Amino acid sequence: MFSIELQIKRLTLTAEARIIHRKERKQKLMQRKRPTQDRSYVTFDLLREHRLHHVRPAARAAHLAHAILRGHAYAKVEHKNTRLKVPSEAVAENLRRFGPHMIATMEKKLMVAVVEAWILGGVVPVDVGASNPRVAGSTPAAAS
C-alpha cells in the first residue's frame, strides 16, 4: 500500500505551481498595462522565484520518492539531467515521512546513500511489501 499523503503532497505541489504560474501571467500583463508601477515587477519576480526554486524542487523530490515506493527504475522516471542535481536528501526525507515503517526507521545517511544508488541505476532499494509485484524482492505469486 502506498502513501495517500505522498500522493496528496504531489497533487498539492502541482496545483500550487499551476496557480503561481497563472498569477505570474497576470502580473506580467499588469506590467505591460502600467509600466510605471514598480510593485508589479517585484511581485512577479517573487512569484517566479518561489515557483522555480522552492515548489519545483519539492515537487521533483516527491515525484522521485513516489517512484521509489512504486518500484520504478530512475531511468524510467526521468531522463538523466546533468545540469540539475537530484535532491537526494529531500527524496530521502519524503521516503522517511511517507514510506513504510521499515524505511522510516532507517538512518538519514543510509537513506541518502540508498537514494543515490537508485539514481545511479541500482535496483529498487526498498521492498515495500508483496502488494506490488514490480518491487524488488516480491514475486507475482506472492502478490495474489
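Size descriptors for the range 4-125: radius of gyration and Dmax over Cα atoms are 17.9, 58 Å. Computed from the Cβ-Cβ distance with R0 of 30 Å, the FRET efficiency linking Arg32 to Glu78 stands at 0.30. In order along the range 103-115, the Karplus-derived 3J(HN,Hα) couplings, from 6.51 cos²θ - 1.76 cosθ + 1.60 at θ = phi - 60°, round to 7, 4, 8, 5, 6, 4, 5, 5, 4, 5, 5, 5, 5 Hz, and Gly and Pro are given as x.
Read-outs: derived from the displayed coordinates by stated rules, not from any lab. The structure presented is a predicted model; accordingly, all values stated were derived computationally and were not measured. In this analysis, Cβ positions are derived from the backbone assuming ideal geometry, glycine residues included, and neighbour counts consider all displayed protein chains.
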